[in-house]
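Have a look at the structure below, then the notes.
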Amino acid sequence: MSNRVLDDADPYASRLAMRAGELATYQVVVPVDAGTPRTERFAFRAIVGISMGGNAAMSIALAHPDRFDVVADLGGEPGPSMRYTLTMVRDYLFGGFCTTADEAAGHGAVGQLCPDQQRPPRTDQFEIKSDFDHMVYQDGEGVGLTLSRSFYMKAARDLARALSNPALYNPEDPYRPPGVSAAYLERPPAERCADPVVLTDFYDREFNPDGSRPVITFCDGNDGPVLGTIDPTVAPTTRRRSCSRSTSTRTAGAIPVSRSSPTPTSRSPTSASTAWPRSTSPATTRSPTPIRPATTTTTSRNPGGTEGNLDWDQGEPFEDVGLDGVDGTCQHGDAPAPGLGGCYDVGEGDGAWTLSPNVARWYESDVATRLAALTPAQRAHVSLWFDAGIRDMLNASISANAGAGVLATYGLPVGVYDGFSPLDGSSSETVYDFARVDWSRVPRYALLRYGNPDATEAQIALGDGRHVGTAAQLVNRATTAFAWIDKRLPDGDRVDETAGGEALRGQLFTAPSTGRETPYAVFLPPGYDQADNADLRYPVVYFLHGYGQEPDDLLALSSVFEVYMQPSSLDLAQRFQKMIIVYVDGRCRPAGDDALPVNPDGDRCERGTFYKDAPGGGPAQMETNLLELMDHIDGLYRTRAAADVEIVP
């Protein structure tokens with residue numbers, strides 16, 4: 001959208017030009033209080049996260065609105081819409097298998113691949129389709145990760161440890177599947193692979209509705225010739241899934257299998273063939289057949305719709321059949337009937353729409369849940385920036401689109417930008433310059449989708465629109481997010497300062513509540529240690545890194561931000577104000593880590609904590625750890641105190 005400001009002789013000077021992807025009717029409105037000064041309480045803190053840190057930055061900040069003013073979620077994995085993320089994981093990443101309905105229709109035997117029966121991808125949003133045997137692999141640049149099956153399995157397990165297991169609910173353990181003991185999971189991988197747990201009478205509406213098929217734990221196969229695919233010729237001794245519903249060890253394209261530990265398998269109230277981790281409960285209408293929605297909720301056309309939104313809304317009918325979706329099955333904690341191997345179902349006959357507590361924990365980090373918990377005044381104060389690549393391997397842009405749709409349902413001002421050029425009016429992202437952006441025209445809620453929809457194969461190979469993006473997109477992502485953060489924090493210090501900043505590596509902090517010894521890194525802005533600045537205090541930006549990284553990996557970015565804090569050809573208003581930047585640890589710290597020997601129990605994960613308070617206990621209480629680190633930083637450095645500031649919206 002562009003505002004054409006021309007001379008009075010031009011008959012079009014008062015018109016507004018817009019670009020849209022479809023035919024629509026638009027109305028330009030201005031808030032009744034626009035331009036009226038008001039007083040807001042600023043904490044003078046921002047939080048930014050990339051990849052693994054993205055959703056964490058958003059969810060932590062919105063959970064503590066008194067402690068953060070500005071949030072930047074950069075390509076968050078999982079994305080801001082946890083509902084979409086779980087759907088994508090179910091349908092694609094860990095999906096693609098034939099159900100009993102597919103078998104009855106002649107599409108293939110239960111457990112074989114049925115990719116032609118998957119829901120079609122949202123091509124208008126560049127959604128990437130995959131299945132369990134063919135996980136997404138992107139060759140070339142701009143990915144930032146090696147997309148092997150080992151990577152996907154580790155990340156899935158770590159997400160289940162950080163947020164709980166959304167596929168199967170066990171009241172005794174938020175991670176462990178029902179019927180699998182803690183002692184079994186403590187055994188070495190080779191032993192577990194050679195000695196699977198076999199469960200009987202384990203029901204599932206899609207894959208095992210009569211409970212006749214045994215359910216086993218199994219080890220995933222090794223990567224095939226193309227990363228992400230299964231190589232059936234290699235013994236599956238190193239890749240592990242926690243628990244799956246199957247008749248035998250899984251190899252490529254065979255054997256009935258249901259979603260395993262970090263994958264969703266419960267029920268949608270509108271589809272008997274859609275598994276989702278919730279109880280299909282309130283029994284106001286008991287329906288043996290699927291109740292199809294008349295319309296479909298979409299992020300772009302109907303973001304506030306209730307039908308087809310993967311949740312139960314007041315007044316919708318449902319079946320009170322529990323999490324397994326099968327009527328009459330034994331409930332967890334009941335004495336098993338003769339011949340039954342165990343009672344694994346939860347929620348049947350309780351007369352309520354019972355959401356799996358594990359899934360509810362995932363939904364706590366959904367932008368919709370977080371925003372709903374805020375007051376109107378809190379929603380009007382916080383500033384939220386999303387970015388995502390249109391070719392991100394885990395469809396981050398689709399999740400971000402859904403997040404933007406949620407914002408719109410509150411009537412919040414949302415700016416959506418396809419690429420960097422619409423921000424500064426440049427001809428291409430290679431000449432884009434954040435300093436030319438009129439930030440007063442960018443609303444406090446914004447989504448930037450980077451990547452050229454018409455990119456050539458050569459451009460895509462260089463990373464266009466991928467998880468990290470091309471070299472230019474990566475730099476633009478970082479500088480744009482920080483420029484936006486800078487402009488959302490008022491009254492910053494932009495005075496010329498020739499002294500350089502200071503990057504402090506290898507700092508250590510011990511969290512009082514857990515005793516976890518945690519590394520972090522700090523950037524002190526130019527002039528921080530100068531005697532003349534002894535009374536100056538600075539806002540703080542907390543930066544959360546990606547999966548498998550650690551704080552020192554991002555510290556080099558400080559040199560980029562420092563350049564824009566120092567004297568240059570930029571006007572003072574275009575420079576970054578001087579900020580303290582704290583790089584926060586989210587890496588898994590195992591027991592016996594030589595670098596951090598004071599953590600005897602370890603974090604009970606493999607590569608990343610996702611900055612959550614792990615529901616299974618242990619020292620990886622990372623949201624709590626961050627809040628305690630913030631208190632430590634306030635006591636150690638000259639951070640700016642919270643204050644009331646008059647602003648003009």
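For segment 615-622, state whether one or more residues are assigned to a helix (DSSP H, G or I), touching a Ser or Thr at 6+ places or on another chain (Cβ under 7 Å) and either at pLDDT below 95 or closer than 24 Å to F509 by Cα (or both). Yes, segment 615-622 contains a residue that is assigned to a helix (DSSP H, G or I), touching a Ser or Thr at 6+ places or on another chain (Cβ under 7 Å) and either at pLDDT below 95 or closer than 24 Å to F509 by Cα (or both). Note on segment 186-234: residues that are open to solvent by 40 Å² or more (accessible area, probe 1.4 Å), in a loop (DSSP other than H, G, I, E, B), in contact with a strand residue (DSSP E or B) (Cβ under 9 Å, 6 or more places away or on another chain) and hydrophobic (A, V, I, L, M, F, W, C) amount to 2.
Looking at this structure, is S130 under 30 Å from Q473 (Cβ atoms), of a type in the set (G, A, S) and open to solvent by less than 30 Å² (accessible area, probe 1.4 Å)? The answer is yes for S130. On the stretch given as segment 417-444, residues that are within 29 Å of the chain's Cα centre (by Cα), part of a loop (DSSP other than H, G, I, E, B) and small (G, A, S) total 2. Of A160, A109, A104, all but one fail to be open to solvent by 70 Å² or more (accessible area, probe 1.4 Å) and of a type in the set (A, V, I, L, M); the exception is A104.
Given the criteria within 29 Å of the chain's Cα centre (by Cα), in a loop (DSSP other than H, G, I, E, B) and modelled with pLDDT of 90 or more, does D311 qualify? Answer is no for this residue. Residue count for segment 493-537, restricted to those that are crowded, with 19+ Cβ neighbours inside 10 Å, under 31 Å from the mean Cα position of the chain (by Cα) and small (G, A, S): 2. With the structure loaded, tell me whether S397 is modelled with pLDDT of 95 or more and either part of a helix (DSSP H, G or I) or of a type in the set (S, T, Y) (or both) or whether it fails that test. So S397 fits the description; yes. Once segment 146-173 is narrowed to residues that are assigned to a loop (DSSP other than H, G, I, E, B) and touching a helix residue (DSSP H, G or I) at 6+ places or on another chain (Cβ under 6 Å), the residue that is farthest from S59 (Cα to Cα) is Y169. Residues that are of a type in the set (G, A, S) and not in a loop (DSSP other than H, G, I, E, B) were ranked within segment 495-545; the one that is farthest from P619 (Cα to Cα) is A531. Residues that are of a type in the set (D, E, K, R) and without any contact (Cβ under 8 Å) to a residue 60 or more places away in the chain within segment 384-440 comprise D418, D424, E429, D433, R436, D438, listed in sequence order.
In the set (1) outside any helix (DSSP H, G or I); (2) surrounded by fewer than 20 Cβ atoms within 10 Å (Cβ to Cβ); (3) of a type outside the set (A, V, I, L, M), the condition left unmet by S559 is number (1).
Identify all residues within segment 483-492 that are open to solvent by less than 50 Å² (accessible area, probe 1.4 Å) and either in contact with a helix residue (DSSP H, G or I) (Cβ under 6 Å, 6 or more places away or on another chain) or not aromatic (F, W, Y) (or both); write none if there are none. It would help to see each step written out before you state the result.
The first filter runs over segment 483-492 and keeps only residues open to solvent by less than 50 Å² (accessible area, probe 1.4 Å), leaving 483-486, 489-490, 492.
Within segment 483-492, A483, I485, D486, L489, P490, G492 qualify.
Contact map, segment 508-527: residues that are at positive phi paired with residues that are modelled with pLDDT under 95 and open to solvent by 30 Å² or more (accessible area, probe 1.4 Å), Cβ distance under 6 Å, separation 6+ or inter-chain. Pairs shown: G527/E497. Pairing residues of segment 625-649 that are farther than 23 Å from S513 by Cβ and of a type in the set (A, V, I, L, M, F, W, C) with residues that are open to solvent by 40 Å² or more (accessible area, probe 1.4 Å) and at pLDDT below 95, at Cβ distances under 6 Å and at least 6 apart in sequence or on separate chains, gives V648/P37. Residues in segment 94-145 that are outside any loop (DSSP other than H, G, I, E, B), over 23 Å from N401 (Cα atoms) and of a type outside the set (V, I, T): 10 in all. Looking at segment 612-619, can you tell me whether even one residue there is at positive phi and crowded, with 20+ Cβ neighbours inside 10 Å? Checked against the condition, which is being at positive phi and crowded, with 20+ Cβ neighbours inside 10 Å, segment 612-619 yields no hits at all. Show the residue pairs meeting these rules: Cβ distance below 8 Å; 6+ apart or different chains; first residue within segment 551-563 and under 17 Å from N476 (Cβ atoms) and touching a residue at least 24 places away in the same chain (Cβ under 8 Å); second residue assigned to a helix (DSSP H, G or I) and of a type in the set (F, W, Y). Close Cβ pairs (under 8 Å, with a partner that is assigned to a helix (DSSP H, G or I) and of a type in the set (F, W, Y)) amount to F561/F482. Here Q117 fulfils each of the conditions (1) surrounded by fewer than 21 Cβ atoms within 10 Å (Cβ to Cβ); (2) polar (S, T, N, Q); (3) touching a residue at least 12 places away in the same chain (Cβ under 8 Å); (4) closer than 30 Å to L462 by Cα apart from (4). Just one of the numbered conditions (1) out of contact with any Ser or Thr (no Cβ under 9 Å at 6 or more places or on another chain); (2) under 30 Å from D327 (Cβ atoms) is not true of S130: (2).
If we keep just the residues of segment 408-460 that are of a type in the set (S, T, Y) and in contact with a strand residue (DSSP E or B) (Cβ under 6 Å, 6 or more places away or on another chain), which is most open to solvent (accessible area, probe 1.4 Å)?
This residue is Y417.
Y84 passes every criterion in (1) open to solvent by 10 Å² or more (accessible area, probe 1.4 Å); (2) under 29 Å from M630 (Cα atoms); (3) under 20 Å from the mean Cα position of the chain (by Cα) apart from (2).
The values are calculated or read from the model by the stated rules, or taken from the named source; none is laboratory data. Computed from a predicted structure; not experimentally measured. Reconstructed Cβ throughout: ideal geometry from the backbone, glycine too, with neighbour counts over all protein chains shown. Just so you know, the surface numbers come from the protein's heavy atoms only, side chains and all, with ligands and any DNA or RNA stripped out. Shrake-Rupley method; radii C 1.70, N 1.55, O 1.52, S 1.80 Å.
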